[in-house]
Each structure stands twice: as structure tokens, then as C-alpha cells.
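The next block holds one structure in the form of C-alpha cells; read it before the comments.
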Amino acid sequence: MTRAEQPTAHTTAPDDALVADSRERAVRSLLRRPQLKRLWSAQLVSGVGDTLSLLVLVLLVLQSAIAEGAFGGGYRGVAFAVATVFAARVLAALLFGAVLLGPLTSLTAQEGPLDRRWTMVGADGLRAALMIIAPLWIDWTPDNALAVLLVTAFVTGVAERLWTVCRESAAPALLPAPPPEGATVRPLPDHLDALRRLSLRTTFLAVPLAAAALVVAALLNNLLGTGVAWFDQHQAALGSYVAAGLFAASLSVLTYLELPATRTPRARSPLEGLRRPRTVTGVDKGRTGAIPLLVPACAGVAGAIAAAVSVSVLHAKDLGGGPVLYGLLVLGLTGGVAVGIRTAPALLPSLSRRRLLALAIAVTGIALLAAGLVPDVTTVLLIVTLAGVGAGVAANTGHTLLDQETEDSRRARTTEHLHAMSRVFIALGALIAPLVAALIGPHRLENGKFVFAHGGAAFTFMLVGALLLPVAALVLAKVDDRSGVPLRQDLKDALLGGDDPVTAPAANGFFIALEGGDGAGKSTQAEALAEWIRAKGHEVVLTREPGATPVGKRLRSILLDVSSAGLSHRAEALLYAADRAEHVDTIVRPALERGAVVITDRYIDSSVAYQGAGRDLSPTEIARINRWATNGLVPHLTVLLDVSPETARERFTEAPDRLESEPAEFHARVRAGFLTLAASDPGRYLVVDAGQEPEAVTTVIRHRLDVVLPLSEAEIKAQEEARRKAEEEARRKAEEEAARKAEEERLERERQEQLAKLRAEEEERKRRELEEAQRREAERQAEEARQRAEEARRRAEEERQRLLAEEKARAEEEARRRAEEERRRKQAEEEARLRAEEEARQARLRAEEEARRLEAQRKAEEALLRAEEARRQAAEAAAAADAAARRPSTPLPTAPRVVPDAATVPTPVVSPEEAARGTDTRGTDDETTVLRPVREERAARDTRGAYPDSEVTAELPQPPAVAGPADETAVLPQVPAGAADETAVLPPVSADETAELPRVAPGAADETAVLPPVRDGDPADRVPPGFFREERPAAGPDGSEPRTREMPRIDADGTPRRRPRPDWAEETPLDDLPTLADELLGSYDEGQYGDQGDGGEPGRKGRGRGRRG
């Protein structure tokens, strides 16, 4: 046993009723522990639910694959779908049971984040929820139901592995505690081995129970389907709900489970032990070298049953059945295995176990082969049940033979290797069998009335059965221990054994038989055991066969003397039986009735092995004779010292007797006979490798006797004394512990008092420090308050000074402002006076100017009148001249005399611009505009090409001269062509530029004003230029310019209002100085009142418009 397998956690109450005299009783004893029994119940219920859920998922996947036509549809698609279900479960077990076992163990450890009990509860709850909704996926997602069901199978497999890891970690904490005396009297029983056996049997038992539950659920589902259509369409629905109910039951059991918070061994991987066990010399092949063949043979049988189970759903479909037939097939296969395992020890006890193993494998193969051939449902069920029973017998027999092949110290590793190989073969069989069925597919052969129609599942059954037959033949050929005896005869003797006395060990005492071949060391071990048992306080009777009684001594001399070489085999067997009868009646039974321990060197098994296996007699007959001779008395323990004949022969130190002189083949058959007997009843036999040192052999035997040997009075007293001492020791330790705790409590109290004192001092120090800190803080705050008060006072003084300064500045500013206002008021008054004087002067000037203008206008009108008269006269003169020219003889008329003063008419020039601005043209005679020469006008017209009528210059005739100096002036001749240069021609006046004068009323000539021209174009042209401020508006987005202009602001008296000075414009003394424009054109004020200047200088023109006076 490794260190990891040693129990590290125990409950407090010992189990005195646990007397591990056998492994069976040790397993049953564990179930007396309440919490362990609760955990086992949860394991059984959850295991049944898990297996049932797998079977139900196979049915649901089958239904979904048929509906969807998955994997190509047809038989092969359905078979592939079934294989994927088992693949999902195997993948989950491989990932979370082997690959990720380390992280899972860490998570579920005592110090891990996951609580074991609640993790198991959660796993059961998850599986219950999945199985509740599993049948509904076919209705909810008919196209994806197969994928969802496969995911469900994988998740349930993961939950099962997580549940198993938690259970394997928690179970060792519930094992019984060792007794107070410990191993002082007897070694402690191996509870972990018993726990593993219990877990393994529970797992095997869950499969047939799940199949039976499926059968019952399917029958009830069919009953419900007669009334509810949904159950008729989902024949596995009720089975799914039953599985969910089982998970819920396991959950409820685990909820009240109490797990001690102790450290436990780690969980074991399902593949742990897959490698073959090794010894010092190499791979462990066992005593007879049969292990390399026995392990694959047993694992192959397990794989064959798994393959048959995996294709049972297809075979049930081929046979026309449903979930009920599928459940029955699984129940027959797995239930038969359970029955075979249970009945194998009592089946043909006289038959060689090795031959029984070969026969069981052959029966299983033939049954599977027949199950594939027979189309009848009832027959198939019986045949598969027979196959299951054969597989169970093979499993039990193979396990027994493996135990016989190995020592107790190596037996656990060999068993672990067998279980790991079996799991691998089971997984491979469950995966490969549906694939083989899919590849084979259904076939139908017809030959007249003979019709051979089978599906791929039936052919898979036949193939698996056929593969088991060579395995059975190989086992029989390689490990047969009765090669000289025909199998038929051996089997017949085993079947026809007859009525034997009831065999039973003695009620009192303890009977030990040492068996083995010659040279095995029986006498040495008998003496060593007798001495060791006497030391324990037992009465020991050491005896032997033959020769323990006076009659026996004479019989011994006959039987072992070499001179009796011709003794018949039957006589030899009867003589041994006679000696045994005398021996039992006179020595063995009386000693056992006294309660003594009887150790005998040889007993019935030697006769069966030597005369039955070694000779040509029937072992069954030999055993019957000896059982009759001993009245059915069998030993409590038979120790078989197994050694090879060659090694035994080397130990002979004296001349061999008659039996020792037999050839090696005889001794080989005897050895095989002994091993066969040990295999038939492994619970009573202890097979020890006698090739070891005698001390090692004695240690092995003592270890077994420590388990099964009753306690002697001395041992009982020693045990009680040990228990009393243990209790006293425990009491002393408890008192010491109590004293230690009291001392610790006293020290703790003192420490607490010291700590309290220190805390008080620390608190006092902190209080003083706090007070000091508060005092310093108060002083600091007072200082800060004083500084703030000083700062406030200083700021108040500064504020007062600032306010006083501001008040003084405001007073000074106010005084300056008032002085400035007074100055401005006086200046305004002065300016108003000057403005009044200026306005009076301007009014006077305007009046004078208006008078001059009126005078000039009158003169101009008179000049116009005179010019008109002169023009009329000139026209008349011209007319007269033309008439005279037409009359050549007629003398030219004399031009009238021209008054010198009237030679040139002073015509005022009024331009359109000046008329629009209202510029006065009045003035002196010097201001008369001199007209351009006519030639220039003609030249300008010639360049323009044409001229309007309004531009025709009227040639004014010279007016008649007044009597006076004009008489001296010569009469001007007619102006010839080209003489226009000397004549002042008025500039052309267009219609736009001609001023339309209003009718002048008599006597109102002085009031007549020159009006601006009125144009016939745009009405905007009627407004005099300059009346609006010249602004060029911004162009619009389309390039057009709006016509809107700013209207001038005019006061109530009609005076244009000047634009006020902006706030940002600084007033400077230079603003009052006249600009160059004012010097040249006059100021705006001057323009309003006409020409003026310093002293009324004539000749300057203002820019203002004229105004009627």
C-alpha cells in the first residue's frame, strides 16, 4: 500500500463489530457506518440514474437520427449516431477523469474552493435538469436535436466524473477510526481496500438496475401513450423523467450528508494501473506465468459485453422492438454478468478454475454468436442472458486466478491493472461495435424458402462471439492445469459429483492446514506458526498427515516406503483417507472442541492433488471420499505453499520417499491441482510463494492470521490492557492537554492582562499625546486666529485708507468734473453767443447774397430777352439777306448798328451738376462763362457723327445799335461758313439738362430760384446728388447690388443732422482746424449759406445746396 493510499482521516467512534475475517465481511461492515451508508446510497441511486440517462439518450439520439436522416440517413447514419453518444461519454470520462484529474482534485480538495458535498449536489441538480428537458429538444429544435442531445450526453458525462471525484475524495473521511489500542495486538484492517470493492460492486450493480428501470419506465410510457399522443411519439420520455427523479433523490440524500473537514487521499484515475505491474526481476507474470494471458482474456470478455450492449438498441430495432426490448437486452447482458459473478464460486467447485475460465469464455462467445443468428425475440433474450452469465463467471474466475497468481503485497496492483484494462476494452467495444454495425449494414439472403435477413447489429453480435472462441481456445491451451485429463471427463465428474456431506469449519477453535508439494517447507512453517500462536496465548496442537496417530504411523510407513512402489492408486487413496479419518477423530476434533488452534501438515487437499491430479483418479471422487472420512470438516484457513518442483527438489536433504521419487511431471500436476483447489475457494485459501526465504513466508502467513485468527484470552486481556492503557494514555493526554490548555489559558489571561495594561498605557500615552496635540492645535488655532484678526485689522485699515483715498479721489474728480462742466457750460454759452452772432452774420450775408442773386437773375433774364430779340432780329436779317441773295440786283441790306455794349450777351452758364447741387451762378460780370468756339463744338459733333436738335447752336443776330458810338461800328457781313470760330456759340443743352423754369408771376422775379434738372429716367435720379451719403452697398451672393440707401437724418427745422462722433474717437484740438477740403470747397456750414469768407471775399463757392430766401 502506497503512502497515498493510507487513511489520513477517520471518524471518532470505533467499530468493534468489524471483524475482518474475510474481505466480504469487511465490505459489509462498512455499511454499518451511517454516513458512509448514506454516501453509498447516494452513489447507488446516482449511478442508476446516470446509466439510465445514458440509455435514454441513446434512444433519443436514435429517434432524432431517424427523423433528421443524420450522417447520410439510413441504417448507417443511425448506427453512427449511436456511436457518437458513446464517444461523447468516453471523451468526457477521458478528459475529466484522466487528463484534467489533477486540477479537479485541487478544486475539490479540503482546502480547495469547491465544497465536495455541494459540488455533488450541483452535479445531480444539473443532470436532473438536463434529463427533464432532453425529450423536449426533439420538439423544440427538430433540425438540431441530434447536436443538442450529444452535447447533453457530454455534459452529463462531465457531471458524472465531477461527482465521482468528489465522492472518492470524501469517502475515506467516513471510514471507521482505529481502536484506541491501535495495532498493538492485531494489525488494523484495510478499510480502503474494502471501500474500493464496495464502490466497484456498486458501479457494476447500477447497470442492470438501470436497465430494469428502463424496462418499467418504457412499459408505463407505452401505457400512457394509449391516452396521450405525446408519450406515444416520445417513447423514452418517461425513462428520462425517471432518471431525473433518481438524480433528485440522490441530491436529497446528499443534502443531509455530513462530511468531516479532514484531509483525504486524492481521487484515482480510471486509467491508473494501465501499465503492467513490475517486480524486481521485471514484468510480473505471476507464479505460473499466466498473468499476461489472463488479464487480456478477462478484459476482452468485458469488451465483448460492452460491444453487445452498445448495439443492442440497433438489434432491438431490427427485431421490431422498442425501448422495452432494448432495456430487456441490456438487462439480460448486464444482469447475467452480475448473476455469473455471484454464482461462480459455487459453480462446479471440483472443476479446474482455469478450465472453467476457458469454458465460460467459450459459452459467452457461442451465446453471442447465437444471439445474432436467431431472429426470435424470446430466444434472443434467453441467449443474451446466458452470454451475460458466462461473462460473469469468466470475470469472477479470472479475478480469482489473478489473485492466486500474485502475493498479497502485489495483489492490489494486479487487480488495478485488470480494472484499467477492462475499462479500456469496454470503451473500445462501445465505440467500435456501432461503427462495425454501420459498416456492415443490413443484408438479406434468400434461397427458396430459406431467408437470411439480419442487420448490422446481428452481424456484430456474431462477429464478437466468433472472436471470443479463439480466446477461449488460447486460454485452455496456455493455462490448462490438467492437461493429462480429458476435458469431457473432467467436466462430467464435476457435473456428476453426487451428494457430499455438508462441509463446515468447526464451531470452536481454529483449524489451519498447510498444503503444498514436497520440499515446500510445510514443517518449517508449521513449527514457526505454532510457536508464534502459542506466544499469543492460544493452545496449539501441531499435527501431520499421515502418521499423527499410532495407526497413522503404520499407514505412513506403508505409504511412503519405497518398497510399496506397486501400491495401486485406489488403495493409496483409501489408505490416506483411513489415516485422515483416524486423525480427525482422535486428534483434530477433540482439540478444536477444547478451543485449541490445530495446525496440520497436509489435509484433504493433498489427497485431491496427489491422488486426483497426480494420479489417474477423479479429483471429485477423491474429495468425496475424504469429505466422508472427515465428516465434512474443513479448515478455517488453508495455507498453500506454492513452489516449483525444481526448487523443491533442490531442498531435499535426505533420501526421497516413494512420493518424492515421482517424476517432475507428477509433481507439476500436483502443483496445478493445489492451485485449482485454491482457485475454487479463494476465501479459505492463502497461496504463498514458498520460493522466498522462510521468514518472508512466515510474515505473509502471520499477516493473514492476524486478520482471521480469533483472539486468545491472553490477547483479549492484552487488548483490554492495551485499550485500558490507551484510554489511560488518552486520559493522561487529555489531562495534559487540559492542563496545557489551562496553562495556556492562564498564560493567555496573563498575556491578555499584560496586553490590557499595555493597551491602557498606550491609550494613556495616546490620550496625553492627543491632549498635547489638541493643546498645540488650540495654540496654533489661537495664533492663527490672532494672525487672522491682525490680518483682518490690517486689511480693514487698508480698506479704510483705500476708501478714504477713493473718496478723496472721487471728491477731486467731482471738483474737476464740476470745473470742467462749468468751463464747458461757459464755453457752450460762448459758443452759443458766437453761433448766434455767426448765424446773424450768415443771415445777413444770405440776405445780401439773395439780393445779389436776384439781381443777377434779373440781369440774366434781361440778357436772355435781349439775346432772344437779337436772335429774332438776326433771323430776320438772315432772311432778308437770303432774299437779297436770290435777287442779285438788289443791294444787300445794311446791317443794323450794333451797340457796343450789346455786342456780347452775358449768358450765365448753368451746368447740370451745379443746378443739381443748387450752386449759384450769380456774381459779377467777370463770372460770365465764355462759350466755346463753334468750331470746337462742330468738331466734337463731327467726331460723334450726329448731334441732337437740342445741341443746335442758335446764332443770335446783332441787335440794333442805339444811337451813339455805335454809329462808328461797321455793319457786320453775313458770317460765312467756317467763321463760327469767331462767334460765341452756346453749348448744346440737352433735354435732361434744360432747367424748366416755372412761370414767373409779375413782381416775383426776385423770388425765382433755379431748379435742378428733372430727368425722365429712374425716379432715383430726381433726388439731387449728394443728398444721400455716398455708400456702396455690399454685393449680394448673386453679384447684384441692392438699391436701398440710407436716408439722411434731418432735424425738425429741416437742417441735416451731423453724424455723432463715436465713443472710440478721441477728441483732439486738431478737430477744430479747417481741413484742405474746407479751405478749397468751404465747410458744410458755409455750403448751406453760399459763398463766404473772412471779410466776405468774393469768388469762393460753397458745397451746400441753394435755398430759396
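The values are calculated or read from the model by the stated rules, or taken from the named source; none is laboratory data. Here the structure is a predicted model, which means the values were calculated and not measured. We place every Cβ from the backbone using ideal geometry, glycine too, and count neighbours over all the protein chains shown.
For residues that are surrounded by fewer than 24 Cβ atoms within 10 Å (Cβ to Cβ) and touching a residue at least 40 places away in the same chain (Cβ under 8 Å), tally how many sit in segment 366-381.
Let us first name the residues in segment 366-381 that are surrounded by fewer than 24 Cβ atoms within 10 Å (Cβ to Cβ), namely 366, 369-370, 373-379, 381.
Restricting the remaining residues to those that are touching a residue at least 40 places away in the same chain (Cβ under 8 Å) gives 366, 369-370, 373, 375, 377, 381.
Looking only at that region, the number is 7.
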Subject >> Identity of the residue in segment 623-652, part of a helix (DSSP H, G or I) and within 20 Å of residue 577 (Cα to Cα), that ends up farthest from the chain's Cα centre (by Cα) >> reply: 629
Original post:
Say we look at segment 579-605 and pick out the residues that are at pLDDT 90 or above and among the small types (Gly, Ala, Ser); which of these is farthest from residue 631 (Cα to Cα)?
Top reply: 596
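In this structure, does residue 656 turn out to be modelled with pLDDT under 85 and either closer than 18 Å to residue 644 by Cα or part of a helix (DSSP H, G or I) (or both)?
Values: modelled with pLDDT under 85: yes; either closer than 18 Å to residue 644 by Cα or part of a helix (DSSP H, G or I) (or both): yes.
So residue 656 fits the description; yes.
When you look at residue 139, is it part of a helix (DSSP H, G or I), exposed (fewer than 15 other Cβ atoms within 10 Å of the Cβ) and not hydrophobic (A, V, I, L, M, F, W, C), yes or no? Explain how you work it out, then say what you get.
Values: part of a helix (DSSP H, G or I): yes; exposed (fewer than 15 other Cβ atoms within 10 Å of the Cβ): yes; not hydrophobic (A, V, I, L, M, F, W, C): yes.
Taking the combined requirement at face value, the residue satisfies it.
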**OP:** Output the residue which, of all residues in segment 273-309 that are touching a strand residue (DSSP E or B) at 6+ places or on another chain (Cβ under 9 Å) and assigned to a helix (DSSP H, G or I), is surrounded by the most Cβ atoms within 10 Å (Cβ to Cβ).
**Re:** 291
Original post:
Which one of these does residue 147 not meet: (1) in a helix (DSSP H, G or I); (2) touching a residue at least 24 places away in the same chain (Cβ under 8 Å)?
Top reply: (2)
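One line per residue, one yes/no per condition, for (1) under 30 Å from residue 359 (Cα atoms); (2) hydrophobic (A, V, I, L, M, F, W, C); (3) in a helix (DSSP H, G or I):
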{"site": "429", "(1), (2), (3)": "yes, no, yes"}
{"site": "435", "(1), (2), (3)": "yes, yes, yes"}
{"site": "460", "(1), (2), (3)": "yes, no, yes"}
{"site": "470", "(1), (2), (3)": "yes, no, yes"}
{"site": "515", "(1), (2), (3)": "yes, no, no"}
{"site": "525", "(1), (2), (3)": "no, no, yes"}
Original post:
Which of the residues that make up segment 715-744 are surrounded by fewer than 16 Cβ atoms within 10 Å (Cβ to Cβ), among the hydrophobic types (A, V, I, L, M, F, W, C) and within 25 Å of residue 25 (Cα to Cα)?
Top reply: 716
**OP:** Select from segment 635-688 the residues that are surrounded by fewer than 20 Cβ atoms within 10 Å (Cβ to Cβ) and charged (D, E, K, R) and list them in ascending order.
**Re:** 646, 649, 650, 651, 654, 657, 658, 660, 662, 665, 681, 684
Subject >> Selection status of residue 265, crowded, with 16+ Cβ neighbours inside 10 Å, under 30 Å from residue 296 (Cβ atoms) and outside the structural domain of residue 416 (by TED's automatic domain parsing) >> reply: yes
Original post:
Any residue at all in segment 292-308 that is β-branched (Val, Ile, Thr), under 23 Å from residue 424 (Cβ atoms) and free of Cβ contacts under 8 Å to residues at least 60 places away in the same chain?
Top reply: no
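Which residues, counting only those in segment 228-251, are part of a loop (DSSP other than H, G, I, E, B), surrounded by fewer than 24 Cβ atoms within 10 Å (Cβ to Cβ) and either touching a Leu at 6+ places or on another chain (Cβ under 6 Å) or in contact (Cβ under 8 Å) with a residue 40 or more places away in the chain (or both)?
Here is the first cut: in segment 228-251, the residues part of a loop (DSSP other than H, G, I, E, B) are 228, 234-236.
Next, only the ones that are surrounded by fewer than 24 Cβ atoms within 10 Å (Cβ to Cβ) stay: 228, 234-235.
Correct list: 234, 235.
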